[in-house]
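Here the structure is laid out as structure tokens; the discussion comes afterwards.
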Amino acid sequence: MQAVLELLKRHCTPHTTDILMTHGKMIAGKALLACANVNADGDTRRLVIEAAYLHDIGVCRVDAPEIGGNGSEPYIRHGVLGREILEAEGLPLQALFCERHTGVGLTIDDIVSQNLPLPHRDMTPQSLAERIICYADLFFSKNPDRLEQEKPVEKIRKSLARFGEDKVAIFDGWLREFGG
Ligand SMILES: [Fe+2]
């Protein structure tokens with residue numbers, strides 16, 4: 001955990017580091033419950049814990065002063081920016097979580113149809129560990145006032161429904177798989 005903290009400190013402001021450590025603790029807790037429900041192996045659990053703390057590292061390069069992000073890029077790009085940071089740090093597996101955790105994952109069609117400022121590639125979670133982090137992340141905000149409040153399932157469904165019922169269906173599938 002010390003290595004994760006050092007990594008966050010090296011790239012992020014102290015305010016962002018504090019937020020990501022608390023956010024990471026909440027995501028790790030929820031994700032480890034999901035791991036228990038599917039009998040995930042030790043490698044998956046270890047990866048899930050690291051990814052819980054690192055998946056949002058890219059917010060340090062976006063324009064999001066309320067969470068300490070002092071960059072100039074739009075928020076939606078925090079995933080791809082995080083991937084770049086972790087790949088440069090020699091963490092290619094952890095890097096994939098960064099760009100594969102927005103909503104229930106972004107398809108190329110989502111990126112094109114919403115005209116998002118992102119590369120045209122599939123950004124949906126693929127591995128079990130990536131799906132678990134994406135699932136767990138839906139339950140928690142990075143708003144400093146609500147970091148430790150778990151969102152109700154209905155609220156998550158409602159916000160996903162804005163992007164299509166297919167997104168809600170993916171979440172419902174994860175609830176059955178991981179919710180226990
Ligand atoms: Fe997150």
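Got at least one residue in the stretch 173-180 being modelled with pLDDT under 95, within 27 Å of Leu93 (Cβ to Cβ) and touching a Leu at 6+ places or on another chain (Cβ under 8 Å)?
yes
What residue, among those in the stretch 92-126 that are more than 16 Å from the ligand (Cβ to nearest atom) and touching a residue at least 40 places away in the same chain (Cβ under 8 Å), is nearest to Met26 (Cα to Cα)?
The residue in question is Leu93.
Quick one: in the stretch 128-164, which of the residues that are free of Cβ contacts under 8 Å to residues at least 24 places away in the same chain and of a type in the set (Gly, Ala, Ser) is farthest from Ala28 (Cα to Cα)?
Here the answer is Gly164.
Hey, could you check the stretch 53-85 for residues that are touching a Phe, Trp or Tyr at 6+ places or on another chain (Cβ under 9 Å) and of a type in the set (A, V, I, L, M) and say which is surrounded by the fewest Cβ atoms within 10 Å (Cβ to Cβ)?
Ala64
If a residue must be within 16 Å of the ligand (Cβ to nearest atom), touching a residue at least 24 places away in the same chain (Cβ under 8 Å) and over 18 Å from Gly24 (Cβ atoms), how many such residues does the stretch 67-88 contain?
Applying the first criterion (within 16 Å of the ligand (Cβ to nearest atom)) to the stretch 67-88 yields 67-69, 75-83, 85-86.
So of that shortlist, the ones also touching a residue at least 24 places away in the same chain (Cβ under 8 Å) come out as 67-69, 76-77, 79-80, 82-83, 85-86.
Narrowing the set further to residues that are over 18 Å from Gly24 (Cβ atoms) leaves 76-77, 80.
Residues flagged as within 16 Å of the ligand (Cβ to nearest atom), touching a residue at least 24 places away in the same chain (Cβ under 8 Å) and over 18 Å from Gly24 (Cβ atoms) within the stretch 67-88 amount to 3.
Return only the number of the condition from (1) crowded, with 24+ Cβ neighbours inside 10 Å; (2) under 19 Å from Val4 (Cα atoms) that Met123 does not satisfy.
It is condition (2) that Met123 fails.
Let me confirm something: among Ile49, Ile19, Ile27, which residue is away from the ligand (no atom under 13 Å from the Cβ), among the aliphatic types (A, V, I, L, M) and either at pLDDT 95 or above or in a helix (DSSP H, G or I) (or both)?
Checking each option against the conditions leaves just Ile49.
Given the criterion buried (at least 20 other Cβ atoms within 10 Å of the Cβ), at pLDDT 95 or above and not β-branched (Val, Ile, Thr), identify the matching residue among Ala161, Ala136, Ala88.
Going through Ala161, Ala136, Ala88 in turn, just one is buried (at least 20 other Cβ atoms within 10 Å of the Cβ), at pLDDT 95 or above and not β-branched (Val, Ile, Thr): Ala136.
The values are calculated or read from the model by the stated rules, or taken from the named source; none is laboratory data. The shown structure was predicted, so the numbers you read here are calculated from the model rather than taken from an experiment. Reconstructed Cβ throughout: ideal geometry from the backbone, glycine too, with neighbour counts over all protein chains shown.
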